[in-house]
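Beneath this line is the structure, given in structure tokens, with notes to follow.
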Amino acid sequence: MFNIFILQFVKRFLAVITFSLLSLSLSATELKMDLLVNDPSDNLFSVFGHAALRIYKEKSSYDYVYSFGYIPLNFEGYKKFVLKGDVESFLKLIPYRQYITGRAKKKQNVYHYTLRVGDETIEKIEKDLRVILNHDNGRMTQDFLKSNCVLILQEIFEAHNLGSSSGILEKKTGTTYRQIINSYTHPYPWLNFFIDLLCGPNADKELTVQESFFIPKNYANYLVNSTEMVSDIEVTEFEPLAKSKSSVSPLVAFCIILLSYLLIKAYVYKNSIEIGKIDKVILMGASILSIYLLLWLWVDQLGSQNNLNILWANPIVFIPLLYKKFFKPVQWTYAICVLIWCGSWLVGYQNYPIAVIPLILLISIALFTQKEQLSN
């Protein structure tokens with residue numbers, strides 16, 4: 001009888017141990033999901049930071065990051081960006097350790113927002129990500145303000161009824177695209193200048209909360225403060241790199257160019273030397289710049305649509321270069337350019353980069369000189 005009791009006790013003990021080990025095994029393979037948000041870097045395409053999605057199992061080798069917005073640095077990609085404003089990007093599946101190593105090299109802190117999501121939902125999300133990954137190698141067209149890495153993740157979350165908070169997304173933030181962009185690009189004056197040059201009037205409209213989510217940290221803060229989706233926050237910190245800042249700002253550089261041109265102009269006038277070729281080079285450069293900016297007038301990028309900064313490098317300035325074959329009198333060309341420049345200041349329809357003023361004076365003087373030479 002005693003032996004039977006001992007045998008039953010051993011069986012029950014083994015059953016409890018087996019159940020405990022099985023429970024530990026199941027918990028070890030429980031799926032988890034983190035929203036990863038990186039600090040900004042000095043790379044043009046990650047100057048606002050970056051967002052990715054980590055799906056993993058604790059105490060397991062299964063640990064991967066789905067990263068939207070991988071941009072191949074090739075000629076074809078840059079050509080589409082320069083001519084059309086389109087950014088061709090890819091969804092990449094990266095082992096977590098490899099992803100962190102990449103951020104360590106760039107000294108970008110990584111914020112881990114552990115999301116309160118069940119296994120079944122995570123599996124569905126991962127299935128959707130695999131479909132995107134397998135379709136045309138994950139190729140996508142990215143818009144910095146409407147469909148970037150973090151906004152794509154928001155769409156995926158909301159498709160699974162995650163992270164939505166009614167009544168908040170349409171509230172006004174009191175800031176504009178340009179103000180937010182400049183807050184990230186101000187250490188880089190040349191980048192700041194070119195962004196201002198390429199931004200259209202849409203960039204100066206007041207944003208809603210939803211529209212501000214093109215900044216990954218804004219969306220992460222929204223999840224933390226306005227939803228119950230985030231259960232924990234951890235930070236992987238790296239020693240930050242010193243931000244490189246140009247010693248010469250665009251305004252100073254263009255003022256130096258204008259001053260040098262005026263000194264040459266004064267010397268030439270005093271010594272009666274022909275300077276027509278220099279003026280023609282300036283007008284040709286302005287013409288090329290105007291054509292480039294004209295391409296950005298109809299781009300799909302929200303912040304650059306209806307870009308009126310083409311008025312600063314007016315396409316009309318190329319007319320004097322074709323004078324002998326097609327046009328006269330050239331003085332009307334000069335008058336029209338001056339009226340357009342003055343009119344654009346008076347209307348104030350768009351926020352123009354102040355640094356461009358020395359260039360306008362340079363083009364105006366070269367154009368006036370060309371008019372004088374052709375009218376004599």
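The values are calculated or read from the model by the stated rules, or taken from the named source; none is laboratory data. Since we're looking at a predicted model, the values are computed, not measured. Cβ: placed from backbone, ideal geometry, glycine included. Neighbour counts: every protein chain shown.
Could you pull out the residue among Thr141, Thr101, Thr114 that is loosely packed, with under 14 Cβ neighbours inside 10 Å and assigned to a strand (DSSP E or B)?
Thr141
Of the residues screened, Pro187 is one that is of a type outside the set (Gly, Ala, Ser) and not assigned by TED's automatic domain parsing to the domain that holds Asn38. In the stretch 144-182, the residue that is surrounded by the most Cβ atoms within 10 Å (Cβ to Cβ) out of those that are farther than 22 Å from Leu35 by Cβ and either acidic (Asp, Glu) or out of contact with any strand residue (DSSP E or B) (no Cβ under 7 Å at 6 or more places or on another chain) (or both) is Ile181. Tallying residues that are farther than 19 Å from Asp39 by Cα and buried (at least 19 other Cβ atoms within 10 Å of the Cβ) within the stretch 190-202 yields 7.
Against the condition part of a helix (DSSP H, G or I), surrounded by 14 or more Cβ atoms within 10 Å (Cβ to Cβ) and at pLDDT 75 or above, how does Val356 come out, does it pass? Lay out the reasoning, then the answer.
Values: part of a helix (DSSP H, G or I): yes; surrounded by 14 or more Cβ atoms within 10 Å (Cβ to Cβ): yes; at pLDDT 75 or above: yes.
Yes: the conditions hold for Val356.
Output yes when any residue across the stretch 172-182 is assigned to a loop (DSSP other than H, G, I, E, B), over 15 Å from the mean Cα position of the chain (by Cα) and over 30 Å from Lys124 (Cα atoms), and no when none is. No, there is no match, as no residue in the stretch 172-182 is assigned to a loop (DSSP other than H, G, I, E, B), over 15 Å from the mean Cα position of the chain (by Cα) and over 30 Å from Lys124 (Cα atoms). Could you list, in sequence order, the residues of the stretch 40-65 that are within 19 Å of the chain's Cα centre (by Cα), modelled with pLDDT of 65 or more and either surrounded by fewer than 21 Cβ atoms within 10 Å (Cβ to Cβ) or assigned to a strand (DSSP E or B) (or both)? Selection gives Pro40, Ser41, Asp42, Asn43, Ser46, Val47, His50, Ala51, Ala52, Leu53. Assuming Ile132 fulfils every condition listed in (1) in contact with a Leu (Cβ under 6 Å, 6 or more places away or on another chain); (2) assigned to a loop (DSSP other than H, G, I, E, B) apart from one, which condition is it? Condition (2) is where Ile132 drops out. Quick check, is Leu223 surrounded by 16 or more Cβ atoms within 10 Å (Cβ to Cβ) and part of a strand (DSSP E or B)? It is false that Leu223 is surrounded by 16 or more Cβ atoms within 10 Å (Cβ to Cβ) and part of a strand (DSSP E or B). When Leu197 is tested against (1) part of a strand (DSSP E or B); (2) in contact with a Pro (Cβ under 6 Å, 6 or more places away or on another chain), exactly one condition is not met: (1).
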